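The values are calculated or read from the model by the stated rules, or taken from the named source; none is laboratory data. Because the structure is predicted, anything quoted here is derived from the model rather than measured. So basically every Cβ, Gly included, is an ideal-geometry build from the backbone, and we count neighbours across all protein chains shown.
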Amino acid sequence: MDLSSFGRSAALARTRAAALPRHGTLCGFTALCIAGSACATAPPAPAGSPEIETTLFLIGDAGAPDPRVVGAPLDSIRAQAAAAPERSIIVFLGDNVYPGGIPDEGRAEYMDALRRLDAQILSVPAGARGIFIPGNHDWGNEGPDGLYSIRWQGALIAGRARGRDVVMLPRDGCPGPVSVDAGRLRLVLLDTQWWLHEYIVRDSASACATGLPGGVTDSLRRALVPDRPGFVAVVAGHHPLITGGEHGGYCGFAGPYRRLGPRPQDILSRANRAMRDSIEAAFEPNPPLVYAAGHEHNLQVLGGRNARYLLVSGAGAYEKRSCVVWLRESVFVAQSRTGFMRLDVIRGGGVRLQVHVYDRAGRGGVAYTRWLERP
């Protein structure tokens, strides 16, 4: 979004705010949102507040941290999670190391790739849990050595944990789903690049728990069946189901693949559609509260069809931020900022979303808050 459209977008935001249901209010934020505005619908609670049962931090595409830029998002996550590490889970939503995962030891890029990975590992304080989801760049930038690359990265995460509880899930290039339970929360993790990668065989002979898309759909459907009072399901993968960014065909992005047709990484491609159809079919019987993704280098909150909310939180690296436009499903969008999202699962009921944004100098804070589920 350019500056000339800012006024029109702000007016659109105000119009949409009036039409939103009473359980949430849309802030008048666009590409130039102001962090800390009074438009939040619920005051942020301290991480150590006894009302919070589980806190889930969502940050994606953080694999290109510029050492010359203040590391505000990762620093802020570490500080917030350290206030109550025993109930904090930090999820890195893929593209953990740009541009092509971890190269072989001895390559010129090897040490810088480790620096990028370590910056994220070190943001997980002692006692908290850190989970890395694979992204397309982690799969060798979608190349023929992608399966080796993602397994190599998973081994390095485990080996460089330094006593921290960090792991890559799903493991070994398998699609998942993998479930992590914490109180009322069930976090279900997917490797969505498995659907899109061109250099692997998907069949019943796979070493994974399931090696066919239909089996993944069935397993995901079973993982979303409520099995406890107040059950809250959050599904996380790298690729979004809906996006107003470049991978959705917006922002006037032009490149070679636009002339040749959409790539698997784009919403408009046949492979991407098949992946999303499979995931959404699994959601239909028991829609999750949230499907969270990265991939787009911006922050989006959208109303979903088969999930109540779709979150895109791929603004983990300031220099990678990218354009985003309003869609009819949009509730909040932010670009020209880096940041992350925080979900607080409240004991006894309620789930609260906070969107944190920062500028290049590290200034910022909570830009938007919404009850996704009322207490």
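Enumerate the pairs (first residue in segment 208-227 and more than 12 Å from A281 (Cβ to Cβ); second residue anywhere and of a type in the set (V, I, T) and surrounded by fewer than 16 Cβ atoms within 10 Å (Cβ to Cβ)) with beta-carbon separation below 9 Å, excluding pairs fewer than 6 apart on the same chain, so at least 6 apart or on different chains.
G211/V201
What single numbered condition from (1) within 19 Å of the chain's Cα centre (by Cα); (2) of a type outside the set (D, E, K, R); (3) at pLDDT below 95 fails to hold for I102?
The number of the failed condition is (1).
Filter segment 99-135 for residues that are of a type outside the set (V, I, T), part of a loop (DSSP other than H, G, I, E, B) and surrounded by 24 or more Cβ atoms within 10 Å (Cβ to Cβ) and give the result.
Within segment 99-135, G101, S123, A128, P134, G135 meet the criteria.
Looking only at segment 285-294, count how many residues are within 16 Å of E246 (Cα to Cα) and part of a strand (DSSP E or B).
1
Quick one: count up the residues across segment 295-353 that are among the basic types (K, R), surrounded by 24 or more Cβ atoms within 10 Å (Cβ to Cβ) and not in a loop (DSSP other than H, G, I, E, B).
Adding up the residues that qualify gives 2.
Can you tell me how many residues in segment 269-284 are more than 17 Å from R222 (Cα to Cα) and either assigned to a helix (DSSP H, G or I) or basic (K, R) (or both)?
7
Starting from segment 146-165, keep only residues that are closer than 14 Å to A113 by Cβ, then list their pairs with residues that are crowded, with 18+ Cβ neighbours inside 10 Å and small (G, A, S) whose Cβ atoms are within a distance under 8 Å, requiring at least 6 positions of separation or different chains.
Sorted first by the residue in segment 146-165, then by its partner, the pairs are S149/G100; S149/G101; S149/G140; I150/G101; I150/G140; I150/G173; W152/G101; Q153/G101.
Pull out all pairs, ordered by first then second residue, where Cβ-Cβ is under 9 Å, the residues are six or more apart or on different chains, the first lies in segment 60-85 and is part of a helix (DSSP H, G or I), and the second is among the basic types (K, R) and buried (at least 24 other Cβ atoms within 10 Å of the Cβ).
Every condition considered, the pairs that remain are I77/R342; Q80/R342.
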